[in-house]
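Presented below is the structure to which this report refers.
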Amino acid sequence: MEQVEALVVGAGPAGLMAASRLAEAGVKVVVVDAKPSVGRKFLMAGKSGLNLTKDEPIDEFLNAYGEAREWLEPMLRAFGPIEVQAWAEGLGQEVFTGSSGRVFPKAMKTSPLLRNWMRALADKGVVVRTRWRWTGWDGDALRFDTPDGERVIAAKATVLALGGASWARLGSDGAWAKWLDAPTAPFKPANMGFLRDWSDFMRPHFGAPVKPVRLTVGEHSVKGEFVITARGIEGGAVYAISSTLREGGELAIDLMPDTKLKDVIAKLNRPRGKNSLSNHLRKTLGLKGVKAALLREAGPLPETFTGLAERIKALPLALSGPTPMDEAISTAGGVTQTALDETLMLKSRTGVFCAGEMLDWEAPTGGYLLTACLATGRHAGGGAARYLENHNRRA
């Protein structure tokens, strides 16, 4: 049985941040990951531009975490949008803020940031082992399946950063839940698309963006855009209301979010002449293409212009449920707040801490996911460092 001072299981953003914090405290750290290389999902997140965080007031930023706000607030105030930007720049990656407030590295990709981060960890003596898959406990030690067979490690402090239950091929499969020995909430997809069996009329619009729109589910409303897919809908605006929609809410789409209902009615009531209804909609409201198709997809058009305007401002779109969880950007569920103390240490296992997406919280895309993974990783790493300091003092 190998013995180490600190062990971090999972080399995604949360695990690497926990390792950084431990190393800063002078702790000798070993990081293990099940995949052949580190940061698989982190790298995937940067395929279309790595959204590090959101540049907005911290109180507004915290609202994105919904029911988990109170739990995450101390961690996010300690390591929030400002700190994330400073951290990235400290690793040699200059950042910029886009028009939507989202913050990106100027290189846009994850790989330069990750390379510099791994170099900094190596300089601090952090040891990284890949193809080490956690398979459960051996008393207080951890058991692993490795290229060299089964190995067991006893650590004075352990940080688990094992991810959620989506994108299994990148390392997040949720398998850890069955042997954690701690209360967990069931996994649910988050930031995912939704399914619809489209009519043939919509086929020409598969892949088309729908913008700008306002999506409303109950009291939850967001302005943005989404994409029509062969199986349904996906995209930023859909992800932002996905948690409410997942629980059975009905979706209404405002196809003209910048125009008031009374103004839509007034424009529709302009003389139509010999124009077809399609041409009238195009000439008076600019409704064409995918938006015009959605208007017809929702069912027979109302007979009056007032009814038609109301349809345009609140188009109902029936959906048959979320896309499979493994396709979701993230997941809800995981280790509950009640299972952990304020340092993110498991109440059932002294010296074992949890961080990142394996915790029971969710947030929309837009920098909120990555910031919370980094913040909880740093918090758990700090808790583990203090635990070791107290442990060594008692020894």
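Observations
- Residue in segment 174-192 that is of a type outside the set (D, E, K, R) and without any contact (Cβ under 8 Å) to a residue 60 or more places away in the chain present: yes
- For segment 10-52, a residue qualifies if it is assigned to a loop (DSSP other than H, G, I, E, B) and touching a Pro at 6+ places or on another chain (Cβ under 7 Å), and the qualifying residues are Leu50, Leu52.
- When Phe61 is tested against (1) of a type in the set (A, V, I, L, M, F, W, C); (2) exposed (fewer than 15 other Cβ atoms within 10 Å of the Cβ); (3) assigned to a helix (DSSP H, G or I), only condition (2) is not met.
- Qualifying positions in segment 350-395 - without any contact (Cβ under 8 Å) to a residue 60 or more places away in the chain and among the polar types (S, T, N, Q): Thr350, Asn390, Asn392
- Test: residue in segment 81-99 that is on the phi > 0 side of the Ramachandran plot, modelled with pLDDT of 95 or more and not basic (Lys, Arg): yes
- Scanning segment 69-86 finds no residues that are surrounded by 20 or more Cβ atoms within 10 Å (Cβ to Cβ) and in a strand (DSSP E or B).
- Among the residues of segment 119-153, the ones that are surrounded by 18 or more Cβ atoms within 10 Å (Cβ to Cβ), out of contact with any Leu (no Cβ under 6 Å at 6 or more places or on another chain) and among the aliphatic types (A, V, I, L, M) come to 4 in all.
- Complete set of residues in segment 291-306 that are part of a helix (DSSP H, G or I) and closer than 24 Å to Glu225 by Cα: Lys291, Ala292, Ala293, Leu294, Leu295, Arg296, Glu297
- Any hit, segment 79-87, residues being closer than 20 Å to Met358 by Cα and touching a Phe, Trp or Tyr at 6+ places or on another chain (Cβ under 7 Å): yes
- Count of residues meeting criterion [on the phi < 0 side of the Ramachandran plot, part of a loop (DSSP other than H, G, I, E, B) and of a type outside the set (Lys, Arg)] in segment 214-236: 3
- Selection from segment 207-264 of residues that are closer than 28 Å to Asp360 by Cα, among the acidic types (Asp, Glu) and touching a strand residue (DSSP E or B) at 6+ places or on another chain (Cβ under 7 Å): Glu225, Glu234, Glu250
- Where helices (runs of 4 or more DSSP H) sit wholly within segment 237-285, those with at least 3 residues that are within 40 Å of the chain's Cα centre (by Cα) and of a type in the set (Ser, Thr, Tyr) occupy 242-246.
- Of the residues making up segment 298-316, those that are in contact (Cβ under 8 Å) with a residue 60 or more places away in the chain and surrounded by fewer than 18 Cβ atoms within 10 Å (Cβ to Cβ) are Ala314, Pro316.
- Output for segment 345-382, where each listed residue is within 25 Å of Glu56 (Cβ to Cβ) and not in a helix (DSSP H, G or I): Ala355, Leu359, Asp360, Trp361, Glu362, Ala363, Pro364, Thr365, Gly366, Gly367
Per-residue answers, yes or no, for (1) modelled with pLDDT of 95 or more; (2) under 14 Å from His205 (Cβ atoms); (3) surrounded by 16 or more Cβ atoms within 10 Å (Cβ to Cβ):
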| residue | (1), (2), (3) |
| --- | --- |
| Val227 | yes, yes, yes |
| Tyr239 | yes, no, yes |
| Ser243 | no, no, yes |
| Leu255 | yes, yes, yes |
| Asp258 | yes, no, no |
| Leu261 | yes, no, no |
| Gly273 | no, no, no |
| Leu287 | yes, yes, yes |
| Ala293 | yes, yes, yes |
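The values are calculated or read from the model by the stated rules, or taken from the named source; none is laboratory data. What you are looking at is a predicted structure, and each value in this text was computed from that prediction instead of being measured. Every residue, glycine among them, receives a Cβ derived from its backbone with ideal geometry; neighbour counts consider all protein chains shown.
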